[in-house]
Amino acid sequence: MTGQEREYTSTGVPPWKSPVALSVALHLLIAGVALAGWSWSSPIKEPPPSSISARLITQQKPEPSPVVEPIDQPDKEQKRKELEKQKQAELQKRQKEEEARKAAEQKKREEAKRKAEEQERKRKREQAKAEELKVKEAREAARQKAEAEAKERERRAAEAEAEKKRQQEAKRKAEEEKQRKEEQRKREEAERKRQEELARKEAERKRMEAERRLQEQQLEAQAEQARKARADEARRQEQAAAARAREAQMLSESQKYQALIRERLSQAWYPPSSATEEMTARLQITLLPTGELASVKLVASSGNTAFDNSALGAVRSLNRYPVPSERDTFETYFRQFTIEFNPRRLR
């Protein structure tokens, strides 16, 4: 039975650790050692029987045969039993030694296996710690990367916002500069007209002075010229009165059409929900004599793009603006004008 392989049913415990398996193995080991002991031991050689030597002497008268004493059989049996006991004792001793040796080997194997399992568990723990450390390092690297990316996005957003504000400020300054130049042009135009009026008045004064001198030199011519002068003056006064009346009429008519334009724009304008009463957008409108829109541009922003776009959209939505048919009135008041959009008023 020694060295023979046996199959075990798996119960979650190693087969060699099962109590039944150990008991069976121990009994088989004892039986094997006993059989091996019998096979290793030499058979007991019994002493050969003592030979009996006899010599036959022929005589005329036969004599009785000598008596041979029997061998002492009880002593031999006792000796055999003692030898048997010695062999049995030696066999038991060898069995115990074999069992002790196998138990020691089994203990060594178990100790080696325990140490190997302990080393394997230690290796796995160290491997798990190394993997956990790698995971922590990877997570930390990912966190640092995410923070760096978030900071970079914030920096880019801040730069974009700063660039946007810079462009808005540059646009505002450009619009203010344009408006300033436009106002300066208007002031220069007004100054030029004033100078022309002064020159005209000075020329008129000189002319009247020449007429006075001429009247002094030529009484008759002076009287005639005085009459003509009075007539001319009356005509000029009439013309001036007519011009003032015309200007008043033009102003009244322009106010009427301006009111109509504001009403049309109010109906077409839809301020955004973000509009506030403090927002005001100023637009410059250029019209054709037919009332059609030639161009529109934002000259003063409200600061809200949606608000500005809604005002521009309202201006562009009108196909035709109400304008006076009188060309002078149109050229003076409606060829180009500005209008302000405010939620509280439209002027």
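The values are calculated or read from the model by the stated rules, or taken from the named source; none is laboratory data. Values in this document were obtained by computation on a predicted structure and should not be read as measured data. For neighbour counting, all protein chains shown are included, and Cβ atoms are generated from backbone atoms with ideal geometry for every residue, glycine included. Keep in mind that these areas ignore ligands, DNA and RNA; they rest on the heavy atoms of the full protein, side chains included. Shrake-Rupley method; radii C 1.70, N 1.55, O 1.52, S 1.80 Å.
The table for this structure:
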read-out	value
Residue pairs, from the table LYS107/LYS129; LYS186/LYS297; LYS87/LYS107; LYS171/LYS297; LYS181/LYS201, whose Cα atoms sit over 21 Å apart	LYS107/LYS129; LYS87/LYS107; LYS181/LYS201
Average accessible area per residue (Å²) across segment 210-347 - probe 1.4 Å, nucleic acids and ligands excluded	61 Å²
Sequence-distant lysines (8 or more away, or on other chains) whose Cα lies within less than 24 Å of LYS85	LYS45, LYS76, LYS93, LYS96
Packing-based order for 173-182, 156-165, using average beta carbon neighbours within 10 Å, highest first	173-182, 156-165
Candidate residues ASP232, ASP308, ASP75: accessible-area rank, largest first, probe 1.4 Å	ASP75, ASP232, ASP308
With all protein chains modelled, accessible area of THR332 [1.4 Å, Å²]	80 Å²
Amide H within-cut-off set for VAL299, under 5 Å, with H built and near neighbours excluded	ARG282, LEU283, GLN284
Phi to ³J(HN,Hα) by Karplus 6.51 cos²θ - 1.76 cosθ + 1.60 over segment 103-111, Hz, x for Gly, Pro	5, 5, 5, 4, 5, 4, 4, 5, 5
For segment 80-144: rounded, prolate or oblate by the Cα gyration tensor [a/c cutoff 1.5]	prolate
In order through segment 303-312: 3J(HN,Hα) via Karplus (6.51 cos²θ - 1.76 cosθ + 1.60), integer Hz, x for Gly, Pro	x, 10, 4, 4, 4, 4, 5, 5, 5, 4
Protein accessible area in segment 166-219, 1.4 Å probe - carbon and sulfur %	52 percent
D_trans [Stokes-Einstein, Kirkwood Rh over alpha-carbon pairs] for segment 143-269, 37 °C, 0.692 mPa s, µm² s⁻¹	148 µm²/s
Apportionment of accessible area to carbon and sulfur, segment 250-325, percent (1.4 Å)	48 percent
